[in-house]
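The next block holds one structure in the form of structure tokens; read it before the comments.
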Amino acid sequence: MGGHLIRDFAAIGRADRPMAGGKGASLGELTRAGIRVPPGFVVTTAAYERTLASIDPEAAARARIAALPPGDHAAVARVTAGVRARIASADPPAHVRAAIIDAYRALGAGALVAVRSSATGEDSEDASYAGLQDTYLCVRGADEVVDRVRACWASLYNDHSVIYRLRRGHGEDGLAMAVVVQRMVDPRCAGVMFTRSPTTGDRSVVAVEACWGLGSALVSGDVTPDSYVVSKVTGEIIKRTISAKLRAHRRDPAGAGVVTTDVPEDLRTRPCLDADELRALVRLARRVEDHYGAPQDIEWAIAGDLPAGANIVVLQSRPETVWSGRAGAAPAAAPKARAFDHVLDALSNRGAAD
């Protein structure tokens, strides 16, 4: 199935970042550790490199980008727009396209999938590219998947992503884009959790954020989520805030895509999680942190289309970067008033890019 161009999650791990990117390597690592992850595969950096070589055999675009001054936003926008357009509109080599289509069809006829960028430089301990490249939810059909893969490749050259790299001195050499293609679940609720408090740095707690429907409503800022702070030691709920959740992102019942809906009035102030689900999430968070040996920022969902006991899935885990310095060191980023504000900050990363 595509050989080195495609890798199932079970065939990759954390050491495979150069091939699978940060997100893909993490999903493979979680799968191999026995953590419940929706099935999928990675379109490896080899597929990206072959496609880029067919478009730009002299690597002239990378050289132009590397030479850009990070403070000249107009020049960055002009150059990157041309690079993105070339990648997004160019057909991949026939064998690359065939490998992607074969892997997608192996997930099931007409599978609904998420197509997610997985750059080699993202989700590392000292940098976060979260939100700087593209993600597409609820994609259906082989041709649509190929188109979204091309769009993810092109998003490596989004303005904010390039400025972020230039400002941090990250060169273009060795930078590449893998793409995750992962079967969608239909979540009753979803969210994020941090195995270290993003507001205080306290490692003895897990902070959980939850909203109805897809977690994209939370990370986009469309909804203020329920929030919990739970002691890892005693399991005690130290803080519990139930918000009025007015909107939800859901799979479009008419087919592919995501729709924003109003939350029914009787659910708006109802907690997304019951006590058993919250305890299960905290146990899962501790398990993931123990596996990686470091605090984690975890995306999760409780699938409405899976049976109880098997319905909590992990969609991503990345190193926590807010308080990632050694004990006693200042946090890598300023604490926010609410835990989920760190997700919004990471996904927009406007401060680092503007």
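For segment 266-274, the criterion of being among the hydroxyl-bearing types (Ser, Thr, Tyr) and at pLDDT below 95 is satisfied by no residue at all.
Pairing each residue of segment 231-245 that is within 21 Å of Leu267 (Cα to Cα) with any residue that is in a loop (DSSP other than H, G, I, E, B), provided the two are 6+ apart or on different chains, yields C-beta distances under 6 Å for Ile242/Pro271; Ser243/Thr224; Ala244/Arg268; Ala244/Thr269; Lys245/Val223; Lys245/Val263; Lys245/Arg268.
Looking across segment 237-258, just one residue is among the hydrophobic types (A, V, I, L, M, F, W, C), loosely packed, with under 15 Cβ neighbours inside 10 Å and modelled with pLDDT under 95, and that is Ala254.
Within segment 18-34, being touching a residue at least 12 places away in the same chain (Cβ under 8 Å) and not in a helix (DSSP H, G or I) holds for one residue alone: Ala33.
The values are calculated or read from the model by the stated rules, or taken from the named source; none is laboratory data. Predicted, not measured: the structure shown is a model, and the values here were computed from it. All Cβ positions, glycine included, derive from the backbone under ideal geometry; neighbour counts span all protein chains shown.
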